[in-house]
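The values are calculated or read from the model by the stated rules, or taken from the named source; none is laboratory data. Predicted, not measured: the structure shown is a model, and the values here were computed from it. Every residue, glycine among them, receives a Cβ derived from its backbone with ideal geometry; neighbour counts consider all protein chains shown.
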Amino acid sequence: MTETTRYTTVEIAKQALNFSIAHFTIFSATEREDLHGHNFQLECKVTAPLGNDGLLFDYGILKKLLRALCDEIDEQVILPGNSPYLNLTQSEGYTVALFNGERIPFLPRDVTVLPIANTTVEEFSHYFLNKLRGDSLMQENSIIALSVKVSSSPGQYGIADWRLE
């Protein structure tokens with residue numbers, strides 16, 4: 001990069017970047033929400049050098065990747081695999097969540113366990129950010145900053161940011 005490098009941020013916030021999931025937030029070793037659902041929205045901002053052709057890169061690729069990430073968990077019950085308060089087991093053909101003496105069984109086909117501590121917009125934003133950072137898109141383009149926003153309703157969202165040091 002030279003001193004004349006021009007950086008631009010592109011924001012992708014399309015209505016089609018959504019997923020519907022069931023979850024419950026865990027507040028402590030003894031308190032959790034009831035199982036319920038949300039229609040979440042996923043948004044992304046990416047900063048990179050502006051090329052001589054007037055493009056950062058073909059961010060249609062990024063839109064497809066974001067859509068695929070949404071599709072992976074759409075219409076699933078999401079359980080946190082890294083929760084200090086929830087234990088997950090397999091028993092008699094079910095995925096069983098054990099919380100505060102409760103045994104909560106789910107059909108395995110309906111469950112996705114994510115490597116997160118809780119099923120919150122804060123954790124979802126970091127989950128998606130890490131997935132994007134691990135994709136070849138990051139290595140193939142000179143991306144210097146990435147921001148991921150996950151909202152569960154208008155005005156309620158979590159944002160995770162990364163910047164090249």
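For region 85-99, which positions are loosely packed, with under 10 Cβ neighbours inside 10 Å and either in contact with a Ser or Thr (Cβ under 7 Å, 6 or more places away or on another chain) or at positive phi (or both)?
E92, G93
Give region 27-58 a look and list any residue that's touching a Leu at 6+ places or on another chain (Cβ under 9 Å) and in a strand (DSSP E or B), or say none.
As a first pass, look at region 27-58 and keep what is touching a Leu at 6+ places or on another chain (Cβ under 9 Å): 32, 41-50, 56-57.
If the condition is that a residue be touching a Leu at 6+ places or on another chain (Cβ under 9 Å) and in a strand (DSSP E or B), then R32, Q41, L42, E43, C44, K45, V46, T47, A48, P49 are the ones that fit.
Let me spell it out: the conditions are (1) in contact (Cβ under 8 Å) with a residue 24 or more places away in the chain; (2) more than 21 Å from N39 (Cβ to Cβ), and L114 meets all of them except one. Which number is the exception?
Tallying (1) in contact (Cβ under 8 Å) with a residue 24 or more places away in the chain; (2) more than 21 Å from N39 (Cβ to Cβ), L114 fails exactly one: (2).
Go through the residues of region 100-116 one by one and say whether even a single one is at pLDDT below 95, of a type in the set (A, V, I, L, M, F, W, C) and exposed (fewer than 15 other Cβ atoms within 10 Å of the Cβ).
Of region 100-116, the ones at pLDDT below 95 are none.
There is no residue in region 100-116 that is at pLDDT below 95, of a type in the set (A, V, I, L, M, F, W, C) and exposed (fewer than 15 other Cβ atoms within 10 Å of the Cβ).
Out of (1) of a type outside the set (D, E, K, R); (2) at pLDDT below 95; (3) in contact with a strand residue (DSSP E or B) (Cβ under 8 Å, 6 or more places away or on another chain); (4) exposed (fewer than 11 other Cβ atoms within 10 Å of the Cβ), the odd one out for L50 is which?
Here L50 clears every test but (4).
I need the full set of residues from region 101-139 which are under 27 Å from S91 (Cα atoms) and among the basic types (K, R), in order please.
R103, R109 - these are the residues of region 101-139 that are under 27 Å from S91 (Cα atoms) and among the basic types (K, R).
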